[in-house]
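Working notes, beginning with the structure itself.
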Amino acid sequence: MQRPSLRSGALLGVAGIILALGGAPLLAQGADHLDAPALGHTSSGMTVDLVSTHGDRDINDVYVFNNAAHTDTVFAMTTNPAVNVPSVDPTAAFGTNVRYILNVDRNGDAIQDLAYVFRFGPASNSGAQSYTVTRYTGANARSLAIGTLIGWGSTSGSGVGSARGGAKVFAGVRADPFFFDLLGFLGTVLGVGTTQLGHGGDFFAELNTNAMVLEVPNDSLGASNIGVWGVTTYWANGRWNAADQMGRPAINTVFNNKYVAGSNVGAEKDLFNATPPSKMRTADGGVFRSNIVNTLESINGLLVDGCSDYDPTTAGAIADFLLPDVLTYKVGSTADGTTFNGRAPADDVIDAELAVTTNGCVTTDNVGPHTYLSLFPYLNVPH
């Protein structure tokens, strides 16, 4: 969701990854980072047994925003969390058998009419990978059968490649744009450590991630209002398989949680990542909508003593708004995740989602945005 979205690992369902920082293992999860078992992690209660075995297909965040002149729309997707932590992924490589897809819906039916696909070649001795960006339209946006090459480059150097039709392309390692007091959240909600929410600082301040950024002229999108979501698929056993999916921050991470899903939580998270947005409200008997409603009706019993949860009617209305899991954006406008209009890197989705999810009882984690670039590729250089 956006601002008032439930993004990161923030509320409930903190799965996480083991990071060896300063020699001390820490439970870590953010945004959509490692949101489902099929991405290569397992967790049981307070114990996490995780190696990011499929980090190359794990989406962290998706962004849609305007350039300074409001003439272009920028799409960004980050994957492979914490690539500068050797115990997580020392290679930081993009998957050579992975399709990184940015889907665009032009008419509000949550079915892609336009798709941009990043593909990567094998890493050289220096670790650099060549990449291409292909544009698919109409039925081809769904089948990915016939497309047009619009960009190409290498992750070496600046990572900025060449492109056609007024586009700009980038792929490579960047500073993770996400910001959140993870340690404070863990202390407040799960009793891990003594730090409380709002006092733990920005856990993601020094972490890097893989990133893909695409900027295209507004008139090339073919619509005034669009819906956007990221998808990764991987080639195995002679076919393309669903891996991860994300639109609004942390819908899967937060609402498909163990408190409402019980022992089915892992299967439901995997199913969410494989379910097209257009079917999310009704899939598996409406399980995703039910999970959102049940979370909103009970979250303050876990998070905030003495605060009222949402009533069933309001919880249902919020669930209907959050599904399908697609970022909506008015082309050419100033993106602002707080108003559900796209999402820029500096948008404080955590503060908004805390407020919305807790019915206004918690409003901030006291962590602000990182530093970003004013020009393409917008995400800051790696640490």
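The values are calculated or read from the model by the stated rules, or taken from the named source; none is laboratory data. From a predicted model like this one, the values you see are computed outputs, not experimental measurements. Cβ: placed from backbone, ideal geometry, glycine included. Neighbour counts: every protein chain shown.
Some points to look at:
- Single condition THR328 does not satisfy, out of (1) outside any helix (DSSP H, G or I); (2) out of contact with any His (no Cβ under 9 Å at 6 or more places or on another chain); (3) at pLDDT 95 or above; (4) more than 27 Å from THR232 (Cα to Cα): (4)
- Residue in region 333-341 that is in a loop (DSSP other than H, G, I, E, B) and at pLDDT below 95 present: yes
- Scanning region 172-225 for residues that are of a type in the set (Ser, Thr, Tyr) and surrounded by fewer than 16 Cβ atoms within 10 Å (Cβ to Cβ), we see that the one that is modelled with the lowest pLDDT is THR194.
- Number of positions in region 253-306 that are small (Gly, Ala, Ser), at pLDDT 95 or above and closer than 21 Å to TYR234 by Cβ: 1
- Of VAL169, VAL85, VAL117, all but one fail to be within 21 Å of the chain's Cα centre (by Cα), more than 24 Å from TRP240 (Cα to Cα) and in a strand (DSSP E or B); the exception is VAL169.
- Leading residue by the ranking (farthest from ASN264 (Cα to Cα)) among those in region 293-313 that are without any contact (Cβ under 8 Å) to a residue 40 or more places away in the chain and assigned to a helix (DSSP H, G or I): THR313
- Residues that are more than 30 Å from ASN107 (Cβ to Cβ) and touching a strand residue (DSSP E or B) at 6+ places or on another chain (Cβ under 6 Å) number at least 2 in the following strands (runs of 3 or more DSSP E) confined to region 180-261: 208-217.
- Check on ASP35, part of a loop (DSSP other than H, G, I, E, B), modelled with pLDDT of 55 or more and within 17 Å of ASN256 (Cβ to Cβ): yes
- Counting only residues that are touching a strand residue (DSSP E or B) at 6+ places or on another chain (Cβ under 7 Å) and either crowded, with 23+ Cβ neighbours inside 10 Å or under 13 Å from PRO382 (Cβ atoms) (or both), region 148-171 holds 6 of them.
- Selection from region 266-287 of residues that are closer than 12 Å to ALA38 by Cα and of a type outside the set (Gly, Ala, Ser): GLU268, LYS269, ASP270, LEU271, PHE272, ASN273
- The set of residues in region 125-142 that are polar (S, T, N, Q), modelled with pLDDT of 95 or more, farther than 14 Å from ALA223 by Cβ and out of contact with any Pro (no Cβ under 8 Å at 6 or more places or on another chain) comprises SER130, THR132, THR134, ASN140.
- Residues in region 120-144 that are closer than 18 Å to TYR234 by Cα, among the polar types (S, T, N, Q) and assigned to a loop (DSSP other than H, G, I, E, B): GLN129 only.
- In the set (1) closer than 25 Å to ALA93 by Cβ; (2) crowded, with 18+ Cβ neighbours inside 10 Å; (3) out of contact with any Asp or Glu (no Cβ under 9 Å at 6 or more places or on another chain), the condition left unmet by TRP235 is number (2).
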